[in-house]
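The values are calculated or read from the model by the stated rules, or taken from the named source; none is laboratory data. Just so you know, these numbers come straight off a predicted model, no measurement behind them. Reconstructed Cβ throughout: ideal geometry from the backbone, glycine too, with neighbour counts over all protein chains shown. Note: accessible area is taken over every heavy atom of the protein model, side chains too, but ligands, DNA and RNA are not part of it. Shrake-Rupley method; radii C 1.70, N 1.55, O 1.52, S 1.80 Å.
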Amino acid sequence: MSDTKMAAKQKEGESWGELAKTVIYAGLIAIVIRTFLFQPFNIPSASMEATLLVGDYLFVEKYAYGYSRYTFPFGGWPLGDKMEGRFMGREPTRGDVIVFKFPQDNSTDFIKRLVGMPGDKIQMINSRLYINDRIVPRKRVDDYVEMVDGRENRVPQYEEMLPEGKTYLTLDRDPDSPLDNTPAFRVPAGHYFMMGDNRDNSDDSRQAVGYVPYENLEGKAMIRFFSTDGSARLWEVWKWPFSVRYSRLLRWVN
């Protein structure tokens with residue numbers, strides 16, 4: 001083999017080697033970002049309407065409350081169950097929209113709003129939220145408008161204000177929902193009470209979810225970076241012109 005061919009082959013090998021290194025480095029950087037900084041999350045259900053819709057894509061801030069074994073992909077903390085509690089833990093704020101592991105099945109992610117802190121008494125009475133025996137103020141705003149089977153459907157919508165001043169929108173789809181009147185819940189130490197903004201269509205701490213342990217918190221929903229009407233997935237670029245909800249792009253999650 002001539003020197004020229006050998007040089008060309010060597011150069012080709014070096015090119016492939018550099019490409020492989022670039023791919024590996026990019027993969028490692030992506031893993032670090034996803035594990036410690038920001039994780040993409042898509043909305044699979046209507047429980048957080050109208051704040052979050054099916055087809056919304058979010059970035060979740062992983063470091064918002066520190067780190068636990070559930071912060072890592074697939075619960076893959078290297079020490080397994082030996083890691084308890086949180087590292088660099090910070091207390092969440094009432095009103096935060098939080099992604100957490102379902103306490104009864106840690107392979108499942110949920111996203112809800114934090115309404116009850118440890119020690120709080122939480123109750124729903126006649127569609128109204130009570131925290132420590134005080135009714136949470138709310139005011140009626142414009143209806144939430146949605147399309148159902150090609151027809152316009154209007155849902156009563158309210159702006160609710162938590163004791164600390166945080167405001168957000170909730171829906172009241174059914175004035176006689178079983179979730180509108182509940183027993184009083186006393187949130188245990190080290191746990192939180194979560195509720196969906198779509199109050200009559202949310203499996204949350206009033207039902208199967210129950211109280212959410214501190215270590216189950218994965219992160220705080222920060223920004224909605226993409227949204228489709230459900231007719232296209234994130235990678236189906238050719239469908240974007242007709243399916244992207246442009247008004248919902250790059251919006252902070254309230």
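Computed quantities for the displayed model
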{"quantity": "ASP120 vs. criteria open to solvent by less than 40 Å² (accessible area, probe 1.4 Å), of a type in the set (Asp, Glu) and touching a strand residue (DSSP E or B) at 6+ places or on another chain (Cβ under 7 Å)", "calculated": "yes"}
{"quantity": "Among residues of the stretch 133-142, those that are surrounded by fewer than 14 Cβ atoms within 10 Å (Cβ to Cβ) and outside any loop (DSSP other than H, G, I, E, B), counted", "calculated": "6"}
{"quantity": "Residue match in the stretch 199-208 (condition: open to solvent by 10 Å² or more (accessible area, probe 1.4 Å), closer than 14 Å to LEU53 by Cβ and out of contact with any strand residue (DSSP E or B) (no Cβ under 6 Å at 6 or more places or on another chain))", "calculated": "yes"}
{"quantity": "Tally, over the stretch 143-158, of residues that are of a type in the set (Val, Ile, Thr) and either touching a Phe, Trp or Tyr at 6+ places or on another chain (Cβ under 8 Å) or surrounded by 12 or more Cβ atoms within 10 Å (Cβ to Cβ) (or both)", "calculated": "1"}
{"quantity": "Residue list for the stretch 159-191, restricted to those being open to solvent by 40 Å² or more (accessible area, probe 1.4 Å) and closer than 20 Å to ASN126 by Cβ", "calculated": "GLU159, MET161, PRO163, LEU169, ARG173, ASP174, PRO175, ASP176, PRO178, ASN181, PRO183, ALA184"}
{"quantity": "Selection from the stretch 72-99 of residues that are of a type in the set (Lys, Arg) and modelled with pLDDT under 75", "calculated": "LYS82"}
{"quantity": "Residue list for the stretch 182-201, filter: within 14 Å of the chain's Cα centre (by Cα) and either part of a loop (DSSP other than H, G, I, E, B) or without any contact (Cβ under 8 Å) to a residue 40 or more places away in the chain (or both)", "calculated": "GLY196, ASP197"}
{"quantity": "The listed residue being within 17 Å of ARG86 (Cβ to Cβ) and either open to solvent by 20 Å² or more (accessible area, probe 1.4 Å) or touching a helix residue (DSSP H, G or I) at 6+ places or on another chain (Cβ under 7 Å) (or both), out of GLU215, GLU236", "calculated": "GLU215"}
{"quantity": "Cross-chain or 6+ apart pairs with Cβ under 8 Å, the stretch 92-120 first and within 17 Å of GLY190 (Cα to Cα), then part of a strand (DSSP E or B) and acidic (Asp, Glu)", "calculated": "ILE98/GLU218; VAL99/ASP109; VAL99/GLU218; PHE100/ASP109; PHE100/GLU218; LYS101/ASP109; LYS101/GLU218; PHE102/ASP109"}
{"quantity": "Some residue of the stretch 116-132 being under 15 Å from the mean Cα position of the chain (by Cα) and either at pLDDT 90 or above or outside any strand (DSSP E or B) (or both)", "calculated": "no"}
{"quantity": "Hits in the stretch 218-233 - residues which are more than 17 Å from PRO92 (Cα to Cα), touching a helix residue (DSSP H, G or I) at 6+ places or on another chain (Cβ under 7 Å) and in a strand (DSSP E or B)", "calculated": "ARG224, SER227, THR228"}
{"quantity": "Residue in the stretch 161-181 that is among the hydroxyl-bearing types (Ser, Thr, Tyr) and part of a loop (DSSP other than H, G, I, E, B) present", "calculated": "yes"}
{"quantity": "Evaluation of LYS9 against (1) modelled with pLDDT under 65; (2) under 30 Å from GLY210 (Cα atoms); (3) loosely packed, with under 12 Cβ neighbours inside 10 Å; (4) not hydroxyl-bearing (Ser, Thr, Tyr) (one fails), failing number", "calculated": "(2)"}
